[in-house]
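Before any comments, here is the structure.
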Amino acid sequence: MRRSQSKRIDPDVGILAGRVLFSFQRELFTALAAQGHDRLRPRHGAVLAHLDREGSRATDLSALSGQHKQVIGTLVDELAELGYVERRPDPKDRRAKLIVPTERGLDQMAKADALVTEIEQRYAEKVGAEEWAAFKHAFRKITES
């Protein structure tokens with residue numbers, strides 16, 4: 001059997017993870033666009049998915065997302081221009097800045113949270129609640145190590 005046929009029949013975990021990610025992002029960002037957030041792109045998720053409502057440091061966003069700090073800086077610039085975040089001095093360290101969601105950012109975060117819950121519920125219905133919980137547990141263990 002040729003390698004390409006084998007990959008179609010039994011794709012490796014990288015291919016499967018990519019398929020899940022791209023499908024999930026497409027559904028999430030299409031729904032967000034329909035709810036008034038049409039200028040966001042999946043790349044913005046590296047910031048928005050990890051942003052605390054009270055604000056986060058760029059270094060923390062970088063560590064949580066796995067993106068370089070320079071990439072996070074570029075994404076924060078884009079999101080600030082779009083009106084989703086702003087930079088504020090960190091009250092715990094005057095040298096540092098916090099990335100803080102604006103009202104528009106908070107609206108997006110609330111809508112995204114609800115959409116993610118809906119998507120995950122559909123996934124759980126598709127494979128069963130126990131299997132879904134086991135999948136998330138295994139995925140978490142792999143990604144946290």
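The values are calculated or read from the model by the stated rules, or taken from the named source; none is laboratory data. Computed from a prediction, not measured in an experiment: that's the story for all the values here. Here the Cβ is made from the backbone with ideal geometry for all residues, glycine too, and neighbour counts use every protein chain on show.
For residues that are in contact with a Ser or Thr (Cβ under 7 Å, 6 or more places away or on another chain) and not small (Gly, Ala, Ser), tally how many sit in the stretch 83-130.
Summing the residues that are in contact with a Ser or Thr (Cβ under 7 Å, 6 or more places away or on another chain) and not small (Gly, Ala, Ser) in the stretch 83-130 gives 5.
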Handout entry: Any chance residue 88 is assigned to a helix (DSSP H, G or I) and either surrounded by 15 or more Cβ atoms within 10 Å (Cβ to Cβ) or touching a Lys or Arg at 6+ places or on another chain (Cβ under 8 Å) (or both)
Key = no
Exercise for the section: Please specify each residue of the stretch 118-138 satisfying the condition of being closer than 19 Å to residue 27 by Cα and of a type in the set (Gly, Ala, Ser). Expected result: 124
Completion exercise
Across (1) closer than 18 Å to residue 23 by Cα; (2) part of a strand (DSSP E or B), residue 120 clears everything bar (2)
Practice task
Answer yes if at least one residue in the stretch 50-71 is on the phi < 0 side of the Ramachandran plot, in contact (Cβ under 8 Å) with a residue 12 or more places away in the chain, exposed (fewer than 12 other Cβ atoms within 10 Å of the Cβ) and touching a strand residue (DSSP E or B) at 6+ places or on another chain (Cβ under 9 Å), and no otherwise.
Solution key: yes
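Within the stretch 68-85, does at least one residue satisfy the condition of being part of a loop (DSSP other than H, G, I, E, B), within 12 Å of residue 46 (Cα to Cα), modelled with pLDDT under 95 and in contact with a helix residue (DSSP H, G or I) (Cβ under 9 Å, 6 or more places away or on another chain)?
No - not one qualifying residue is present in the stretch 68-85.
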